[in-house]
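Worksheet: one structure, shown below.
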Amino acid sequence: MTIPLVTVLGRMTLAFLGMTGSIAMFAGRAISHCVRPPFYRTQILRQMLEIGYYSLPVVGLTAIFTGMVLALQSYTGFARFSAESAIPNVVVVSLTRELGPVLAGLMVAGRVGAAMAAELGTMRVTEQIDALTTLSTEPFKYLVAPRLIAAVLTLPLLVMVADAIGILGGYLVGVYKLGFNEQTYLRNTVDFLQVQDVVSGLVKAAVFGFIIALMGCYHGYNSRGGAQGVGAATTNAVVSASMLMLVSNYFITELFFAR
Amino acid sequence: MNAAPASAPRIRVRGLRKAFGPKKVLDGIDLDVAPGESLVVIGGSGSGKSVLLKCILGLLPPDSGSILIDGEETTRLSGGERAKVMRKFGMLFQGGALFDSLKVWENVAFGPIQADGMPTHEAKEVALTKLEAVGLTPEVGELKPAELSGGMQKRVSLARAIARQPAIIFFDEPTTGLDPIMADVINDLIVKCVKDLGASTISITHDMASARKIGDRLAMLYQGKLIWQGAVADLDTSGNAFVDQFIHGRAEGPITMAVRK
Ligand SMILES: Nc1ncnc2c1ncn2[C@@H]1O[C@H](COP(=O)(O)OP(=O)(O)OP(=O)(O)O)[C@@H](O)[C@H]1O
Ligand SMILES: [Mg+2]
């Protein structure tokens, strides 16, 4: 029996709408717990440490090599037009506007989003989330809200560090490999940089933090079916967070820079 | 069926139904538990005993029916109101459900600290006392749940369930996986909880010795209904073929297991 294409499309659309609705409801409920006391401060700090501090090596390494390769690539391109002096500018603008937040976001989604989904998923299938409820503790308040708050606060900080390390990478290649004058490179970097470049990057980082934590918690909280279900939740959390980040990245960019 | 107790019941369940898809697990349950009463629920594996407890706790939404806790309807409560009602409950989950990121004593002290705002050092004292009551030393309190044996986890879970001195305690198979001596210690502990706290309890067990020891009344769940309720003393003279078969553990009888011959 063949299923008509329309039926398949219809079913997919319905499933997509249903999913969007349930994620929106989840997000609404989570946010309502983020803004109402009590706040579990130790939980928030623990998550900030997990998201920020322990992501530093991964994000730092990504940033420094990205900065280095940016300088190198723009050199090979710009040398053709004798436009080498624009390299510091290209490096700093690409990093602060785009690559800093996007790459840090993707790295954190893989590290932290996956961990959140796995942890909450395991707690779900072993009835630990039910146990929380029986101990008069609202799971959204104790598990979801601290993760959301921590991610939204920490990702911008992480991206600032990533920006700085990336710029350092570009500087190292520029000065030691491409023969730029140290002062000139630094002056070009600072002169071209606008507040808006950095601010748009940090806004993106905060939004990405929200998306990563939301997807990690949503898929973990709603997982079922034992170890297999937790595995699926982890994958879904990382994939959906990455896609949503890239889509929202475009729209935030348009908001800031489209004239 | 016995008449409901004269005093106002702690728990009153009427017409409770719950299905998962086409599968009717609970099909019209009527149940009363009086203050200070200990009810034991027996029934075959997969008959819906755990689901019954989770419905009463509000962890699973019932399809229909009413659940009154101290006269208050709890089937349609908001989050905040639910948390308040939960203060009355303690629950020992069948699988333990210990928080594996916390130490054993932190698990036991979780309710007092997080929900009741007890200072940490005070709560730790409470936790260690409760652990002692279930036969666990303070050293065990410093371990993580994953470092304990199955039976030890069950006992920690029991300590956590009683740590807040709840008025209603549910025990889902408290003695499964324990040696006979420890099982009897736990039975005594449950009896003591009921006596000391005046708590009402519902216990699920497959262990008939335990059922006779801890229960005042017993109910048997079969195909979504409570087919027999009565005093534990009347258990042997119930005249109910299903109950007889179950308590004597016979393969032959009106209850047929879905196994391939
Ligand atoms: N979340 C769920 N989703 C779908 N079906 C479920 C769910 N929870 C329980 N069931 C089904 O409900 C039935 C009753 O389950 P329950 O856990 O209450 O059994 P039980 O009486 O506690 O058995 P046991 O003595 O083995 O613990 C089972 O057939 C189970 O498959
Ligand atoms: Mg069960």
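The values are calculated or read from the model by the stated rules, or taken from the named source; none is laboratory data. In this text, all values refer to a predicted model and were calculated from it rather than measured experimentally. We place every Cβ from the backbone using ideal geometry, glycine too, and count neighbours over all the protein chains shown. For accessibility, only protein heavy atoms count, side chains too; no ligands or nucleic acids. Shrake-Rupley method; radii C 1.70, N 1.55, O 1.52, S 1.80 Å.
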All but one of (1) in a helix (DSSP H, G or I); (2) surrounded by 18 or more Cβ atoms within 10 Å (Cβ to Cβ) hold for residue A:180, so report the exception by its number.
(1)
Residues of segment A:121-139 satisfying the condition of being touching a His at 6+ places or on another chain (Cβ under 8 Å) and either hydroxyl-bearing (Ser, Thr, Tyr) or more than 8 Å from chain B (Cβ to nearest Cβ) (or both):
A:121
Within the set of pairs 6 or more residues apart or between chains, which connect a residue that is closer than 30 Å to residue A:220 by Cβ inside segment A:1-22 to a residue that is in a loop (DSSP other than H, G, I, E, B) and at pLDDT 90 or above with Cβ atoms less than 9 Å apart?
A:22/A:222
Name the pairs whose Cβ atoms lie under 6 Å apart, with the first residue in segment B:49-63 and facing another protein chain (nearest Cβ under 10 Å), the second near ligand 2 (Cβ under 9 Å from one of its atoms) and open to solvent by 30 Å² or more (accessible area, probe 1.4 Å), and 6 or more positions between them or separate chains?
B:50/B:94
For residue B:201, state whether it is modelled with pLDDT of 90 or more and within 16 Å of ligand 1 (Cβ to nearest atom).
no
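Given the criteria farther than 14 Å from residue A:167 by Cα, touching a residue at least 12 places away in the same chain (Cβ under 8 Å) and open to solvent by 70 Å² or more (accessible area, probe 1.4 Å), does residue A:44 qualify?
Details: farther than 14 Å from residue A:167 by Cα: yes; touching a residue at least 12 places away in the same chain (Cβ under 8 Å): yes; open to solvent by 70 Å² or more (accessible area, probe 1.4 Å): no.
Here the answer is no, as residue A:44 does not meet what is asked.
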Hey, residue B:244 within 16 Å of ligand 1 (Cβ to nearest atom) and either farther than 30 Å from residue B:118 by Cβ or within 14 Å of chain A (Cβ to nearest Cβ) (or both) or not
no
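Considering only residues of segment A:187-206 that are hydrophobic (A, V, I, L, M, F, W, C) and open to solvent by less than 90 Å² (accessible area, probe 1.4 Å), which is farthest from residue A:52 (Cα to Cα)? So that I can check it myself, show each step before the final result.
Residues of segment A:187-206 that are hydrophobic (A, V, I, L, M, F, W, C), as a first pass: A:190, A:192-193, A:195, A:198-199, A:202-203, A:205-206.
Now restrict to residues that are open to solvent by less than 90 Å² (accessible area, probe 1.4 Å): A:193, A:198-199, A:202-203, A:205-206.
Details: A:193: 25, A:198: 19, A:199: 19, A:202: 14, A:203: 16, A:205: 12, A:206: 13 Å.
Filtering segment A:187-206 for residues that are hydrophobic (A, V, I, L, M, F, W, C) and open to solvent by less than 90 Å² (accessible area, probe 1.4 Å), the one farthest from residue A:52 (Cα to Cα) comes out as A:193.
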Residues of segment B:17-44 satisfying the condition of being over 14 Å from the mean Cα position of the chain (by Cα), within 16 Å of ligand 2 (Cβ to nearest atom) and in contact (Cβ under 8 Å) with a residue 24 or more places away in the chain:
B:18, B:25, B:26, B:29, B:44
Is segment B:75-92 home to any residue that is within 16 Å of ligand 1 (Cβ to nearest atom) and either open to solvent by less than 40 Å² (accessible area, probe 1.4 Å) or not in a loop (DSSP other than H, G, I, E, B) (or both)?
yes
Among the candidates A:106, A:135, A:120, A:99, residue that is touching a Leu at 6+ places or on another chain (Cβ under 9 Å) and closer than 30 Å to residue B:58 by Cα:
A:120
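Give me a count of the residues in segment A:124-156 that are open to solvent by less than 30 Å² (accessible area, probe 1.4 Å) and either farther than 17 Å from residue B:110 by Cα or not small (Gly, Ala, Ser) (or both). Spell out the reasoning first.
Here is the first cut: in segment A:124-156, the residues open to solvent by less than 30 Å² (accessible area, probe 1.4 Å) are A:128-132, A:134-137, A:139-148, A:150-151, A:154-156.
Next cut, either farther than 17 Å from residue B:110 by Cα or not small (Gly, Ala, Ser) (or both) only: A:128-130, A:132, A:134-135, A:137, A:139-148, A:150-151, A:154-156.
Within segment A:124-156, residues that are open to solvent by less than 30 Å² (accessible area, probe 1.4 Å) and either farther than 17 Å from residue B:110 by Cα or not small (Gly, Ala, Ser) (or both) number 22.
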Somewhere in segment A:125-136, is a residue over 22 Å from the mean Cα position of the chain (by Cα), closer than 27 Å to residue A:242 by Cα and part of a helix (DSSP H, G or I)?
yes
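Of all residues in segment B:20-35 being more than 9 Å from ligand 1 (Cβ to nearest atom) and open to solvent by less than 30 Å² (accessible area, probe 1.4 Å), which is farthest from the other protein chains (Cβ to nearest Cβ)? Outline the logic, then answer.
Of all residues in segment B:20-35, those more than 9 Å from ligand 1 (Cβ to nearest atom) come to B:22, B:24, B:27-35.
Imposing the further condition that a residue be open to solvent by less than 30 Å² (accessible area, probe 1.4 Å) reduces the set to B:28-29, B:31-34.
Details: B:28: 24, B:29: 20, B:31: 19, B:32: 22, B:33: 17, B:34: 22 Å.
By that ranking, first place goes to B:28.
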Among the residues of segment B:129-139, write down those that are part of a helix (DSSP H, G or I) and buried (at least 20 other Cβ atoms within 10 Å of the Cβ).
B:130, B:131
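Looking only at residues in segment B:93-122 that are more than 12 Å from every other protein chain (Cβ to nearest Cβ) and assigned to a helix (DSSP H, G or I), which one is surrounded by the most Cβ atoms within 10 Å (Cβ to Cβ)? Full working, then the answer.
First, the residues of segment B:93-122 that are more than 12 Å from every other protein chain (Cβ to nearest Cβ): B:103-105, B:118-119, B:121-122.
If we keep only those that are assigned to a helix (DSSP H, G or I) as well, we get B:104-105, B:121-122.
Working: B:104: 28, B:105: 24, B:121: 8, B:122: 12.
Top of the filtered list is B:104.
Residues that are touching a Cys at 6+ places or on another chain (Cβ under 8 Å) and in contact (Cβ under 8 Å) with a residue 60 or more places away in the chain: which strands (runs of 3 or more DSSP E) entirely in segment B:153-261 hold 1 or more of them? Talk me through it step by step, then tell me what you get.
Values: elements: B:168-172, B:200-204, B:217-222, B:225-231.
In segment B:153-261, B:168-172, B:200-204 are the strands (runs of 3 or more DSSP E) which contain 1 or more residues that are touching a Cys at 6+ places or on another chain (Cβ under 8 Å) and in contact (Cβ under 8 Å) with a residue 60 or more places away in the chain.
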